[in-house]
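For reference, the structure discussed in these notes is given below.
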Amino acid sequence: MVFDSFLVLFRVMFLEKGNKQYSIQNYYHEKGRSEIAQDIDSFLNTKVFDWQDLSIRNMLKFISDKLVCHVDSISYGELAIANFYMSHLSNPAVKTNLQYIMTEINKLMK
């Protein structure tokens, strides 16, 4: 449940697109600090795996869209992928886990 809540907040704060969305990136653009917004976007576009073309943004958006924020139909294959991504995010032995992602974004916002 905590993970789901985190994903909803992360999606709203960092993954939404468009000028009318209340994302952190739009806040920095409005305050004249677009370089921070661009740095956050660049970080979120970082590849998660060497063997797959998947960004941090797309991984988190996939999980939040398929399992938390929308009531979309989901196949067994998509459920397996989402579970794999969630296990990756919670694994302290991998570099691109959730703690690393939040730590790096926090550094960019200072």
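The values are calculated or read from the model by the stated rules, or taken from the named source; none is laboratory data. What you see is a predicted model; the values in this text were computed from it and never measured. Note that we place each Cβ from the backbone using ideal geometry, even for glycine, and neighbour counts take in every protein chain shown. With ligands, DNA and RNA removed, areas are computed over all heavy atoms of the protein, side chains included. Shrake-Rupley method; radii C 1.70, N 1.55, O 1.52, S 1.80 Å.
Filter the cross-link list Lys17/Lys47; Lys31/Lys66; Lys31/Lys107; Lys20/Lys61 down to pairs whose alpha-carbon distance in this structure exceeds 23 Å.
Lys31/Lys66
Place a +1 charge on the Cβ of each Lys and Arg in the chain and a -1 charge on the Cβ of each Asp and Glu, then give the dipole magnitude about the Cα centre in debye, rounded to the nearest 20.
That gives a dipole near 280 debye.
At 1.4 Å probe size, with every protein chain present, just tell me what the per residue accessible area of the chain comes to in Å².
Using a 1.4 Å probe on heavy atoms only, each residue of the chain averages 63 Å².
State, to one decimal in nm, how far the label point of Gln52 lies from the label point of Ala80, with both points 7 Å from Cα in the Cβ direction.
Calculated label separation equals 1.2 nm.
How large a share of the accessible area of the chain, in percent, is made up of carbon and sulfur atoms when the probe is 1.4 Å and the other protein chains stay in place?
55 percent
How much of Glu104 can a 1.4 Å solvent probe reach, expressed as accessible area in Å² and rounded to 10?
Looks like 40 Å² after rounding.
If you find the alpha carbon centre of region 1-26 and of region 33-108, how far apart are they in angstrom?
Comparing the Cα centres of region 1-26 and region 33-108, I get a distance of 12 Å.
Report the normalised scattering of the chain as log10 I(q)/I(0) at q = 0.11, 0.12 Å⁻¹, calculated by the Debye formula with identical scatterers on the alpha carbons.
-0.36, -0.43
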